[in-house]
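Beneath this line is the structure, given in structure tokens, with notes to follow.
The values are calculated or read from the model by the stated rules, or taken from the named source; none is laboratory data. Nothing here was measured: the structure is a model prediction, and the numbers come from that model. Every residue, glycine as well, gets a Cβ built from its backbone with ideal geometry; the counts of neighbours run over all protein chains shown.
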Amino acid sequence: MKTTLLAILAVLILSPLYNVTLSNKVYFELIKEFSLTSEPRDIILYDNAYVITDGALYSITISDPYNAAKSEIKELSGLKSLAFIGHFAYAAYSNGVIAVYDFSKYPALKTNTINTNGRLQKIFIDNGFLYITNLDAGLQVYDVNVADFPVYKNTQIVTGEANGLTVRNKKAYVTSSNAHLSIIDASDVSKLPIVGTYTNGISFYEPYVDGNYAYVPQGNTGVQVLNISNLPFPNMVTILFARKSANQVVTSSNYVWVADQKSIESFFNNNSEAYYFAGNYKGNSYINRIAVIDGKYIYVATQDKKIKILKIDYQY
């Protein structure tokens, strides 16, 4: 009788976790693949998926992934980063130059340039402002409300060499190579005060922010999940451990997707600070970049010069 009661108690205690771990699973189906002439290094989502390679910029449609089409934009080759505002594209090059292109013209027409005099890493446009991470100058901001007439506003120096950037709710999140995160208030770009900092680890890659949480990939030790609701000191709530080396993270609905060397790891977010492994995709080439489309598809840029489109199937 005692043994039976213990067994029932064990089932009652373990059953919630059992249900979580067996439900909310994801499975992946490769539905389309494109071969490129050079290695894809980044994917920027706008009206289409824009794929950056050394040889050219590619546009791949996202409205119907099963019948996705690819087009090549040779005018924009050798980019480091790309950002859009209206029908204008800002194209950043590693030599410090940012070119402004009018995409309503065919071929795309260059209308202006910015010379930042630095080594550019990432650009991001939000609410009419262009944010630039510059290895030599930290974070730079330009007013691009008149899209083809950028106006310099300010610079904020950050600790280490800035290599990652995202902007959410008028705050810029900048990661540095020395495992440092700077959170910069951009509500007044003439000031750009640092309102939060976090340092823990060896190196950080590009952050991703969703609500009160920042996800910071850090290579071999996975992804740090930070609660950023109580600045100036973000609090680490958990680590999503990597299979090999986490280099990018994206969230969609209640799932977190991690580009992890040759695989994509999926984690189900059961509540604000609890995550459960939900499934993974294993490829045969290093994954440079992923882009999640409406939580239904993932576009994958791989080192073997391919773009793969995966359909996500959910088991609830």
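Miscellaneous remarks
- Single match in Lys305, Lys296, Lys311, Lys262 (criterion: at pLDDT 95 or above, touching a Leu at 6+ places or on another chain (Cβ under 6 Å) and of a type outside the set (Gly, Ala, Ser)): Lys305
- Ala274 vs. criteria among the hydrophobic types (A, V, I, L, M, F, W, C) and farther than 22 Å from Tyr316 by Cβ: no
- Each residue in segment 212-241 was checked for being out of contact with any Leu (no Cβ under 8 Å at 6 or more places or on another chain), in a loop (DSSP other than H, G, I, E, B) and either surrounded by 21 or more Cβ atoms within 10 Å (Cβ to Cβ) or among the charged types (D, E, K, R) (or both), and 2 of them qualify.
- Qualifying residue in segment 98-113 (condition: in contact (Cβ under 8 Å) with a residue 24 or more places away in the chain, part of a loop (DSSP other than H, G, I, E, B) and among the aromatic types (Phe, Trp, Tyr)): no
- Matching entry among Lys122, Lys70, Lys74 (being more than 29 Å from Tyr173 (Cα to Cα) and in contact with a strand residue (DSSP E or B) (Cβ under 6 Å, 6 or more places away or on another chain)): Lys70
- Residue within segment 174-192 that is closer than 24 Å to Ala91 by Cα, modelled with pLDDT under 95, buried (at least 21 other Cβ atoms within 10 Å of the Cβ) and touching a Ser or Thr at 6+ places or on another chain (Cβ under 7 Å) present: yes
- Residues of segment 159-173 that turn out to be farther than 18 Å from Tyr215 by Cβ, at pLDDT below 95 and not small (Gly, Ala, Ser), as a count: 2
- Summed over segment 242-255, the residues that are assigned to a loop (DSSP other than H, G, I, E, B) and without any contact (Cβ under 8 Å) to a residue 60 or more places away in the chain give a count of 5.
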